[in-house]
Amino acid sequence: MRLANILGGLAAVLLFPNLALADESLPQRWVSAGGALSEWVVVLGGESRLVGVDTTSRYPVSLARLPSIGYQRQLAAEGILALRPDLLLGSEEMGPPPVLEQLAAAGVRIERLASRAELDSLQANLRRLGQLLGDEAAAQRTFADYQAQLQRQQQWVEQAQQEQAAPGVLLLLGHAGGSPLVGGLETAADWLITRAGGRNLASHRGYKALSGEALLALDPQVVVFADRTLEGEAARQALLQQNPALAGTRAAREGRLLALDPTLLVGGLGPRVPDGLAMLAKGFYPASHSRIVETKPQP
């Protein structure tokens, strides 16, 4: 029996060398720290390899069944090592560095991918994930489909802008309505605002707290708010209660306060970003929303 098994194994290597190589060389137990990356792993067919995820990895809902390793910027080596991973996947936001060094010393492979909201970064990330999963062709197809979605979305925005000027927008990121951070240049917030057809009124770089007087002076036509704790109407009411100056803006007076899932701002461009852009574009150009194009390719 043992001889038969050995011979069978040799035959498999000879007949399917690529499969044998993939089984032996690719990491099989993954921990992912970064919502967008976790989602891409699932899209590319690698969900079965995930043995743990961070708190920003909320989608799909099936990931909630996995052990949590905490917040991506505040990882602890003990909890991760307990999951016996071959690979820790995360973005440039992952840390702290001493924990990553400890994990690497323990034999865990560390893969840090770009978190910038740029298509070039996304393409490189998907290519690397395809290599790690052993299916680079699927990663290439996925990126091509994603580009096509964004191109259709951009065409709709350009048509809408023929009828209406781009609105001035602020994106506020906060907790339970507390003092929010305003998304400035070189952020995922800025990328989303611009791609959805808005003008980001924040001229600073990164995320920065602004006073109520500054928010009122900017007088945005649209406010996009991403609350990490509350959702929907509860988040909207908390935002206005904790930041009363916002009530004096055109956005509040005209009811143009748009809720955004904060996980869309984490870890670079994720699979749900095109749908998020479509939602924002509808809010930016309400007169054109009935003609908005579908961002997903039709079967």
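The values are calculated or read from the model by the stated rules, or taken from the named source; none is laboratory data. Everything numeric in this text was worked out from a predicted model, so none of it was measured. Using ideal geometry, Cβ is built from the backbone for each residue, glycine included, and neighbour counts are taken over all protein chains shown. For the accessible areas, the whole protein counts, side chains as well, though only heavy atoms, and no ligand, DNA or RNA atoms are used. Shrake-Rupley method; radii C 1.70, N 1.55, O 1.52, S 1.80 Å.
Evaluated at 20 °C with a viscosity of 1.002 mPa s, what Stokes-Einstein diffusion coefficient in µm²/s does region 115-156 have when Rh comes from the Kirkwood expression over alpha-carbon pairs? In µm²/s, the coefficient is 200. Taking a ≥ b ≥ c as the square roots of the Cα gyration tensor eigenvalues, region 140-199 comes out oblate, since a/c reaches at least 1.5 and a/b does not exceed b/c. Accessible area ranking (1.4 Å probe, heavy atoms, ligands and nucleic acids excluded), largest first, for D275, D120: D120, D275. Around the amide H of A226, modelled in the peptide plane, lie the amide H atoms of L172, L173, G174, L260, all under 5 Å away and 5 or more residues distant in sequence or on another chain. With the simple spin-label model, which puts each label point 7 Å out from Cα in the Cβ direction, the R112 to Q154 separation comes to 3.0 nm.
Peptides 277-285, 142-150, 41-49 ranked from most to least packed, by the mean per-residue count of other Cβ atoms within 10 Å: 277-285, 41-49, 142-150.
Taking only the alpha carbons of region 173-299, we obtain Rg and Dmax values of 14.3, 50 Å in that order. In region 81-222, the DSSP beta bridges split such that about 35 percent are antiparallel, to the nearest 5.
Quick one, could you list the DSSP H helices from the chain stretching 15 Å or more along their long axis (Cα atoms) with average Kyte-Doolittle hydropathy of 0.5 or above? In the chain, the long hydrophobic H runs are 2-15, 273-284.
Here the label points at D275 and E163, each 7 Å from Cα along the C-beta direction, are separated by 2.5 nm in the simple model. Each Cα pair under 8 Å and six or more residues apart adds its sequence gap; the mean of these over the residue count of the chain is a relative contact order of 17 percent. Extension gain for Y71 to D219 (0.36 nm times residue separation, less C-alpha to C-alpha distance): 49.9 nm.
If the viscosity is 0.890 mPa s and the temperature 25 °C, what Stokes-Einstein diffusion coefficient in µm²/s follows for region 173-228 when Rh is the Kirkwood radius over Cα pairs?
The Stokes-Einstein estimate is 212 µm²/s.
Using alpha carbons only, the radius of gyration of region 55-214 set against its Kirkwood radius gives Rg/Rh = 1.03.
For region 95-139, the gyration tensor built on C-alpha atoms gives an oblate shape. Its axis ratio a/c (a ≥ b ≥ c) is at least 1.5, and a/b is not larger than b/c. Beyond 24 Å, the tail of the calculated P(r) for the chain holds 57 percent of the Cα pairs. The packing ranking, built from the mean of other Cβ atoms within 10 Å per residue, places the peptides 206-215, 161-170 in the order 161-170, 206-215, highest first. Each of Q237 and A104 was given a label point 7 Å from its Cα along the Cα-to-Cβ line. The distance between the two points is 4.9 nm.
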